[in-house]
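Below is one structure, written out as structure tokens; the observations come after it.
The values are calculated or read from the model by the stated rules, or taken from the named source; none is laboratory data. Remember, it's a predicted structure, so these values are computed and weren't measured experimentally. Virtual Cβ from ideal backbone geometry, glycine too; neighbours counted across all protein chains shown. Note: accessible area is taken over every heavy atom of the protein model, side chains too, but ligands, DNA and RNA are not part of it. Shrake-Rupley method; radii C 1.70, N 1.55, O 1.52, S 1.80 Å.
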Amino acid sequence: MTSGTRTTGTGRTSAFDELASLVRPLARFLTTRAPEVVTGIAVLATVLGLLALAGAAANDRSISANPGYAQAEVLDGSTFARTVVRFTVASGETVAPEHGVFYPSGLEVGGSVAVEYDLADPELVRVAGRSALDQAVPLLLGVALVWALLGPIALWLRRRRAARGGTGG
């Protein structure tokens, strides 16, 4: 045993030891840079939240620039992540957007709801009268919650590292 890994009777290194030797540097990095990793996760959640809000605003802008209006039926198969609707556009074509309707809170299967859609792209559809601003408060509260949870953890990890004589502080 010269490299610190065990070998089998045939002189080959075991798969477990190979995996451990690959993971060990990553684990060492994560433990020495834990405050930065935790802060990075919080920053990533913030950026993703802001991008989601910007995307919703861009979709709203597209719908508002070229609006069409219809009554939509809320279909079975809706989930927490999306609410499926079906409506008829001005040309008479029936559309059931693959990604569902934007801002669907409070809709019930079998119900009818007024929707606004982009005449150029009927897949972009939102509940009439709702916008990205309706989602801004819950999204910002979610980001604040991430920071409320991860911020103190990052500070604690940083202080703990400084107390042990590590870098940063």
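Listing for the model above:
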| item | result |
| --- | --- |
| Among residues of the range 54-72, those that are over 17 Å from residue 119 (Cβ atoms) and crowded, with 18+ Cβ neighbours inside 10 Å, counted | 1 |
| Hey, residue 100 open to solvent by less than 70 Å² (accessible area, probe 1.4 Å), of a type outside the set (Phe, Trp, Tyr), modelled with pLDDT of 85 or more and touching a Ser or Thr at 6+ places or on another chain (Cβ under 9 Å) or not | yes |
| From 114, 132, residue being among the hydrophobic types (A, V, I, L, M, F, W, C), more than 21 Å from the chain's Cα centre (by Cα) and under 30 Å from residue 142 (Cβ atoms) | 114 |
| Filter result (without any contact (Cβ under 8 Å) to a residue 40 or more places away in the chain, over 14 Å from residue 143 (Cα atoms) and of a type in the set (A, V, I, L, M)) within the range 21-47 | 22, 23, 26, 27, 30, 37 |
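Yes/no per residue for (1) among the aliphatic types (A, V, I, L, M); (2) loosely packed, with under 11 Cβ neighbours inside 10 Å; (3) under 18 Å from residue 55 (Cβ atoms):
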| site | (1), (2), (3) |
| --- | --- |
| 108 | no, yes, no |
| 114 | yes, no, no |
| 119 | yes, no, no |
| 126 | no, no, yes |
| 134 | no, no, yes |
